[in-house]
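These notes concern the structure reproduced below.
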Amino acid sequence: QGLVETAFGRVELNTNGRIVLPSDVSLTSGVGGELILRAPQIDLAGDIRLPGGTLTVQPVIPTTAPISPELATVTERVIVRSDAVLSTAGAWVNTASADGSFVGAPLPSVRRSADGSSTRAIDGGDITIQIDEREFETRLERGAVLDVGGGASIDSRRRISGGSGGTL
């Protein structure tokens, strides 16, 4: 069956201000991790890598006065910069050594959640940019990467299994 991982898998960030991920910052989770970002404006220039996981980017209208007054009138609510990488792509799992041990760093082949469900490491996850208000705008700059592709695994008998792609 391979390595199985169980861990906390969900982080939700809600703010009445701006969420900014600079280009020199990288957020990475284990297999099947989930990240939810909710704010009046979300500006992503760095990397978010959640193998087989779920990324939700959701601009919201603040329920109280926003931290920065200009956020009350801005229409460009989600910005994905040209050097950003948003990835829920499946992982590459290599157990091709003669004894079936991992080649490179061990990676769980499955993640089990508290509810008993499981996520295969090689399957791509989901990226959702959820725009609920008509006046909200999203900017995806040329060069930005949104990746939900499937990964693969190779076993000690050199059999390759492909993962399923995710949803964008």
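The values are calculated or read from the model by the stated rules, or taken from the named source; none is laboratory data. Predicted model, so just to flag it, every value in this text is computed and none were measured. Using ideal geometry, Cβ is built from the backbone for each residue, glycine included, and neighbour counts are taken over all protein chains shown. Protein only, heavy atoms only, side chains kept; ligands, DNA and RNA dropped before computing areas. Shrake-Rupley method; radii C 1.70, N 1.55, O 1.52, S 1.80 Å.
Observations on the structure shown:
- G52 being at positive phi and open to solvent by less than 30 Å² (accessible area, probe 1.4 Å): yes
- Selected residue (only one of G100, G90 is more than 29 Å from D24 (Cα to Cα) and either in a loop (DSSP other than H, G, I, E, B) or modelled with pLDDT under 75 (or both)): G100
- Which listed residue, of R111, R157, R134, is modelled with pLDDT under 95, among the basic types (K, R) and not in a loop (DSSP other than H, G, I, E, B): R111
- In segment 65-84, the residues that are within 17 Å of E133 (Cβ to Cβ) and crowded, with 18+ Cβ neighbours inside 10 Å: P66, L71, R77, V78, I79
- Considered as a group, the residues in segment 114-131 that are assigned to a loop (DSSP other than H, G, I, E, B) and under 12 Å from the mean Cα position of the chain (by Cα) include one that is farthest from W92 (Cα to Cα), and that residue is G125.
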